[in-house]
Amino acid sequence: MNWATLKRNPGGALGLAGFLAIVVLVVVGPLVVPLDTTTRLDQIYQPPSLAHPFGTDNQGRDVFSQIVHGGKDLLWVATLAAGISTVIALTLGSISAVAGGSVDNAVMTFTDVVLTVPHFPLLAVLAGVLQFRSQTLLAIILGVLSWPALTRAVRAQVLSLKERDFVEAATALGLGRGHIIAREILPNMRSYVAISFVLAMTQAIYAQVGLVFLGLVPLSGQNWGVMIQYGWTRGAIFHKSSVYSILAPIMAIAVLKLSLVSMARIFDEIFNPRLQEG
Amino acid sequence: MRKYLAQRIARAVLTIFLVVSFTFFLIRLMPGNPIDLYVQEQVTTYGHTYEQALEQARGFFALDVDAPLSVQYAQYLGNLARGNLGQSILSPGTPVSSLIKKFLPWTLFSVGLALMISFTLGVGLGMLMAYRRESWIDHVLTIIATVTTAVPNYLIGILLLVVLGVQTNLINVAAIRGSLSPGVRPGLTLTFLLDALSHAALPITTYVLATAGAWMLSMKSNTLGTLGEDYVGFARARGLPDRRIAIAYVGRNALLPLFTQLTIAIGFVVGGSALIEYIFNYQGIGLVLYESIVRRDYPVMQGVFLVITVSVVLANLLADLLYGRLDPRVDLTAEPV
C-alpha cells in the first residue's frame with residue numbers, strides 16, 4: 001500500500017481512515033475515557049455540550065463515554081464471525097474447485113441451500129432456542145451462516161486460476177498440490193478474500209445489532225446495539241429531547257459500516273499481486 | 001430448458017426439506033428443548049400430571065411427544081404436508097396456519113410493493129447517473145446511494161420514525177400503527193386501499209431507501225458497460241433516436257444482470273421484515289415471528305419461520321426462471337461459474 005493508491009481513491013482512503021479512527025477510539029479510548037455509570041437526575045437528556053459531546057441519556061449518563069466503551073465487543077464479534085466464515089469459504093471453495101465432479105455438486109448445492117434460507121429469521125429462531133449467552137457463541141453462529149457467497153467466489157477463482165500459465169508451470173515443475181494452492185493460487189485471491197472478509201464483518205454487524213435491538217440476545221455489557229435498544233424502549237419515541245442518546249449509537253454504527261464498505265473498494269489495488277508495480 | 005426447470009425445482013424442494021428437518025431437530029433434540037420445557041412447566045407450575053402435560057403438548061405441537069423420534073419426525077412431515085402446523089400455545093385453539101393466513105398477506109403486500117418501487121427507482125436513477133456521469137447529479141446520487149446501502153435498514157426505519165414522527169411531528173405515529181385503522185374492513189374499496197397504503201407507507205419507504213441504492217449503483221455500472229458495446233454504436237450509426245437506443249438497446253441489456261441480484265434482495269428484505277415491522281408495529285408475519293420468539297410460542301415460531309423460508313425459496317425460483325426467459329443469451333443448462 002502506498003500514498004498513490006490512496007490518492008487515486010479518496011473514498012477508499014476516507015473509509016480506511018474512518019475505520020482506523022473507530023478502532024483507535026474503541027480499543028484505546030476506554031483506557032482514557034472512564035465509563036460514566038452514575039445516575040444524575042438533574043442531567044437527563046442534555047443536548048451536546050463541552051462536558052457531554054453527545055449529550056446524556058435517560059439516566060443523565062454521558063453518551064460519549066458509552067460510545068467509546070460500546071464498540072469493542074461489536075468489532076470483536078464481527079471480526080471473529082468474518083474470520084470463521086472466511087476459513088470455511090476458502091476450504092469448501094477450493095475443495096469444490098479442485099475435486100470437481102460429485103463433491104463439487106454436493107458442496108455447491110449445499111452452498112445454495114444455506115444462501116437461500118433467510119438468515120435473519122434463522123438467527124432469530126436460533127436465538128430463541130439456544131439463548132446466545134456468550135458473544136463468542138453468537139460470533140461462531142454468525143460465521144457459520146455467512147460463508148456461502150465467498151465460497152462461490154473462491155470456487156470460481158480457483159477454477160479460473162487453475163488453468164493459468166503460472167499454475168501450469170508450477171505443476172510441470174513437479175511442485176506439490178499443497179504448494180500450488182498455498183503459494184500460487186491463494187496469493188492471487190487475496191483481494192477477493194480481503195473484500196469478502198470486510199463484507200462479512202458488515203453482515204455480522206447488521207445481524208448482531210438487529211438481534212440486540214429486538215432484545216433477542218441478552219442485553220449485557222456496553223454495546224452500541226444495547227444503547228439503541230435502550231434509547232428505543234426508554235424514550236426515543238416519547239421524548240423529543242432524547243434524540244441525541246439514540247442518534248449517537250446509530251451514527252456510530254452507520255459510520256463504521258460506511259467506512260468498512262468504502263475501505264473494501266481499495267482492497268483490490270492493495271492486495272492484488274497483478275496490480276502491484278515492481 | 002426442461003432439465004434446468006426440473007433441477008431448480010428439485011433444489012427448491014431440497015432446501016425446504018432441509019429447513020423443515022433442521023427446525024424439527026432443533027426444537028426436538030436440543031437439551032432443554034421447548035417441548036420438554038413445556039411439559040416440565042405444566043407439571044411443576046400448574047400441577048398437571050405428566051400424562052396430562054404430554055397430552056397438551058401433543059395438541060399444541062401436533063406430535064406424539066412420547067413416541068420414538070423417528071415416529072415423531074414422520075408425524076411432523078405428514079402434518080406439514082396437510083398444512084397442519086400445530087397450535088399457538090399462548091392463544092390455545094388458534095391453529096398456526098390461521099395466524100399465517102392472517103398476517104402473511106400484509107408482509108407480501110408491503111415488501112412486494114417496496115421491491116417493485118425500489119427496483120424501478122433504482123434502475124431509472126442508475127441509468128440517469130450513467131448518462132450524466134461525472135455531473136453533479138451523478139456525484140450526489142452516488143453519495144446518497146453509497147450511504148443508504150451501507151446503513152442497516154432498521155436504523156433507517158428508526159431514523160424515519162424518530163425524525164418524522166417524534167422530532168418534527170410531520171406524521172402521526174399513533175394513527176399509522178398496525179396494518180389497518182380500526183373499523184376499516186378489507187375489500188375492494190377506496191377507503192381500504194388508501195388506509196392500507198397509509199399504514200404501509202413508512203415500512204415501504206424504509207425498504208425502498210435501504211435497497212434502491214444498490215440497484216442504482218449496479219444499474220449505473222451495467223449501463224456504462226453496455227454503452228461501450230458494438231451494438232449500441234451500430235444503433236447510433238443507423239440513426240436511431242436516442243430514446244429508443246436508451247430503452248431498447250442499453251436499458252434492456254443493462255437491466256438483465258440485476259435479476260440475479262433480485263433473488264438475494266428478496267431473501268434479505270423478507271428476512272429483515274421482523275425488524276422493520278417491529279419498529280413500525282406493522283402487523284405482518286415478521287412481527288408475528290418476533291412476538292412468538294419473545295413469548296416462547298414455539299409452534300408459532302416454527303411455522304412462521306417455515307413460511308418465511310418457503311416464500312423466499314419460491315420467490316427465488318420465480319426470479320431465476322424469469323431471468324432465463326428474459327435473456328435469450330443465458331444458457332440455463334450451463335454449469336454455474
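The values are calculated or read from the model by the stated rules, or taken from the named source; none is laboratory data. Keep in mind it's a predicted model, so treat the numbers as computed, not measured. FYI the Cβ positions are ideal-geometry reconstructions off the backbone, even for glycines, and counts take in every protein chain you see. Just so you know, the surface numbers come from the protein's heavy atoms only, side chains and all, with ligands and any DNA or RNA stripped out. Shrake-Rupley method; radii C 1.70, N 1.55, O 1.52, S 1.80 Å.
Below are the figures for this structure:
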{"quantity": "Residue order for B:Met219, B:Met127 - accessible surface, 1.4 angstrom probe, largest first", "calculated": "B:Met127, B:Met219"}
{"quantity": "Surface per residue (accessible, 1.4 Å probe) for the range B:244-334, Å²", "calculated": "37"}
{"quantity": "FRET efficiency, 1/(1 + (r/R0)^6) with R0 35 Å, evaluated for B:Arg243 and A:Trp76 via beta carbons", "calculated": "0.05"}
{"quantity": "Estimated FRET transfer efficiency when R0 is 60 angstrom, pair A:Leu173-B:Tyr4 (beta carbons, to 0.05)", "calculated": "0.90"}
{"quantity": "Heavy-atom SASA rank of B:Ser98, A:Ser191 (probe 1.4 Å, accessible area, largest first)", "calculated": "B:Ser98, A:Ser191"}
{"quantity": "Around A:Gly70: net Lys/Arg minus Asp/Glu count, Cβ-Cβ under 14 Å", "calculated": "-2"}
{"quantity": "Size of the protein assembly as shown as Cα extents on the principal axes (Å, biggest first)", "calculated": "79, 66, 60"}
{"quantity": "Under 29 Å from the Cα of A:Lys72 - lysines, other chains or at least 8 residues apart", "calculated": "A:Lys257"}
{"quantity": "Longest DSSP-loop-exposure-free segment, trypsin sites (Lys or Arg not before Pro), chain A, at most 16 other Cβ within 10 Å", "calculated": "A:165-278"}
{"quantity": "Spin-label model distance (nm) - B:Ala81 vs B:Thr189, 7 Å beyond Cα toward Cβ", "calculated": "4.4"}
{"quantity": "Peptide A:249-258 - average C-beta neighbours from other chains (10 Å radius)", "calculated": "4"}
{"quantity": "Relative contact order %, the range A:108-230, counting alpha carbon pairs below 8 Å whose residues are six or more apart", "calculated": "32"}
{"quantity": "Chain A: relative contact order in percent, alpha carbon pairs under 8 Å with at least 6 residues between", "calculated": "30"}
{"quantity": "Shielding by partners, peptide A:106-116 (average Cβ within 10 angstrom, other chains)", "calculated": "5"}
{"quantity": "Efficiency of FRET between B:Arg236 and B:Leu314 - r from beta-carbon atoms, R0 51 angstrom, step 0.05", "calculated": "0.75"}
{"quantity": "Rg to Rh quotient for the range A:176-227, alpha carbon positions, Kirkwood Rh", "calculated": "1.33"}
{"quantity": "Gaussian network model of chain A, Cα within-10 Å springs - most flexible of A:Pro148, A:Pro249, A:Pro48", "calculated": "A:Pro48"}
{"quantity": "Area projected by the alpha carbon convex hull of chain A, averaged over all directions, nm²", "calculated": "18.0"}
{"quantity": "Sparse-neighbour loop sites [trypsin sites (Lys or Arg not before Pro); the range B:51-101; at most 15 other C-beta within 10 Å; DSSP]", "calculated": "B:Arg82"}
{"quantity": "Trypsin sites (Lys or Arg not before Pro) within the range B:150-252: DSSP coil, no more than 10 neighbouring Cβ in 10 Å", "calculated": "B:Arg238"}
{"quantity": "Cα-based shape type of the range B:24-174, given that a ≥ b ≥ c are square roots of the gyration tensor eigenvalues and the cut on a/c is 1.5", "calculated": "prolate"}
{"quantity": "Accessible surface buried once A binds B (1.4 Å probe; total of both sides; Å²)", "calculated": "4100"}
{"quantity": "Label-to-label distance, nm, for residues given as B:Glu134 and A:Ser134 (7 Å Cα→Cβ offset)", "calculated": "5.6"}
{"quantity": "Dimensionless Rg ratio for the range B:96-326, taking C-alpha atoms and the 2.2 N^0.38 Å reference", "calculated": "1.16"}
{"quantity": "Per-selection Rg to Rh, the range A:77-236 - Cα, Kirkwood hydrodynamic radius", "calculated": "1.11"}
{"quantity": "The protein assembly as shown: calculated mean residue ellipticity at 222 nm from DSSP helix runs of at least 4, using -39500 (n - 2.57)", "calculated": "-22500 deg cm²/dmol"}
{"quantity": "Fraction of accessible area attributable to carbon and sulfur, the range A:113-258 (%, probe 1.4 Å)", "calculated": "61"}
